[in-house]
1. At a probe radius of 1.4 Å, what is the per-residue accessible area of His269, in Å² to the nearest 10?
2. Work out, step by step, the length gained on full extension between Ala219 and Arg92: first 0.36 nm times the residue separation, then minus their alpha carbon distance; give nm to one decimal.
3. Show the residues, 5+ positions off or on another chain, whose built amide H is closer than 5 Å to the amide H of Glu45.
Amino acid sequence: MNIAHTTGPVVVGIDGSTAALDAVRFAVREARGRGTSVRLVHVIEARLQRDTVYGAPDVDGDYARTVLDRAAIVAKTSDPTVIVEAVVLQGRPETVLLSEAASACLTVLGTTTEKSLAAWVLGSVVHTVVECSAHPVAIVRTFDAERGGAVVAALGDAKVSATDVVVAQAFQEAAMRGANVLAVHTQTVSTILVSAISGPVDHLHPESAMDVRLEPFGADYPSVRVASVYAEADSGSELIAVSDSAQLLVLGHERDRVPGSTLTTVLRHAECPVLVVPHA
């Protein structure tokens, strides 16, 4: 059940925000655990490019270099052993970042809950990358390297094959951090009613069915302890609650589908970084 890491660097979108710097700190930890490098990417939109007069200041270029230099310093301060590369690219941010994500083992984006135009644009980019990326995407609102807690695996109404991807990623992340796994199985009220009326499809109670799914992963990662929770919740409320004491929340998402209400709620309100794992 052990899944191999995708080759490639950990890509981080850099826009000059505080959230982006927290994303860098998170990315450095991920890169160290995966044995890879960090690639800092700042995107200048083509429509913002101006025909410059000879000798005139390159405002966009200067800003790009400034924010990338700052991000590189944060990365090196976090762990000087991790190789860091910084690049300035042109195009639409979501298009460029999706192109970068295609060859990355992980893409990390900072986000904010502020109600500003910049926050709205950033949120749009985040949702597009999460929706379309073939590889995992981490969304970071804030990051504390000293924070403990479990790695939470969010198991909803997804099929077992899709859920296994989430569980596998959660166990790998926990092993890298020396943390435990908390598996949270949430179901909507309608699903709970159907199960109560007709009985579980696999003839197992939800708690037992979840434990059966987790057993092979526990064998692959004997140092990782796992606890299971069965929660009746919708709109991500239970996941938001457990994120307050977790160091990472891992969710699955069907690729090329608009993020659903639960994922959207978690991305906006989770108190820890969220790792979104795509599946077919």
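1. Rounded to the nearest 10, the figure is 100 Å².
2. Taking 0.36 nm per residue and subtracting the Cα distance, the gain is 41.3 nm.
3. Excluding prolines and chain starts, which carry no amide H, the hits are Gly91.
The values are calculated or read from the model by the stated rules, or taken from the named source; none is laboratory data. Worth saying up front: this structure is predicted, and the values here are computed from it rather than measured. Note: areas computed on protein heavy atoms with side chains; ligands, DNA, RNA excluded. Shrake-Rupley method; radii C 1.70, N 1.55, O 1.52, S 1.80 Å.
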